[in-house]
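Nothing in this text is a laboratory measurement; each read-out follows from the coordinates by a stated rule. All figures in this text were calculated on a predicted structure; none of them were measured in a lab. Because the Cβ atoms are built from the backbone with ideal geometry, glycine has one as well, and the counts that use them run over all protein chains shown.
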Ligand SMILES: [Zn+2]
């Protein structure tokens, strides 16, 4: 990229990001948000990725790292816009997944280029997490990995020099676990992956939606009649395909659940939704 091309690249990047930033609010038009997403994705695929590939081939690590930063920023912008669109679309679960993806992309951008401005964005997303969404209950799985592979050289992680989390040739090194056995899943406060969440809780016999707090009923709910304890329907593994039911009768889970604010409701003795009065120590 010569000086003129670099200037043009920066100009396009700045204008796309500032236009998108202006659309990152709930009342903004979904149509405009969709157009902004398309423009960002086009720029990412046609400009950023091409430049990154060229810089890597030329052995320009610093340049490739800069492109990784741009790539992460564009992804974060796309995910945040998609989150607002899904919130308007009332698909709260998808909106949550986009929020988590946006947070990961912003962390990637910070990792590629530590910068205070991006730090502000991370704070904004954290505020959205706590102010726009209700408190979530997270899950973490215990597994035995049969294979641990490096995403950069695709060999066993123990036998290569790459370190997960570090940047090589414009890419983050990631630890891949292609095959594993799952042993257990736990309710946790600080999960590895915030996409692993409870979707519905058993609330005195009713299954309530974790986002809307509406009572939901379906065939799967009926299957559980007569089971003991509270049931949580949750996504417990990344990839969001597996949904299991988790029984809060397990005392370890109950203890953690109690620490979550929303679960104060589970301790209520009626369905009125009233919260118990705090004691003097609280
Ligand atoms: Zn490697």
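Below, the figures for the structure above:
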quantity	calculated
Computed label-point distance, nm, for sites residue 46 and residue 93 using a 7 Å Cα→Cβ extension	3.6
Relative exposure of 14, 2, judged by other C-beta atoms within 10 Å (fewest first)	2, 14
Residue 153/residue 38 FRET efficiency (R0 22 Å; Cβ-Cβ; nearest 0.05)	0.05
Pairwise FRET efficiency - residue 160 versus residue 11, Cβ, R0 = 30 Å, nearest 0.05	0.15
Sorted by Cβ neighbour density within 10 Å, fewest at the top, the residues 183, 162, 70	183, 162, 70
Pair residue 174, residue 209: separation of 7 Å Cα→Cβ label points (nm)	3.0
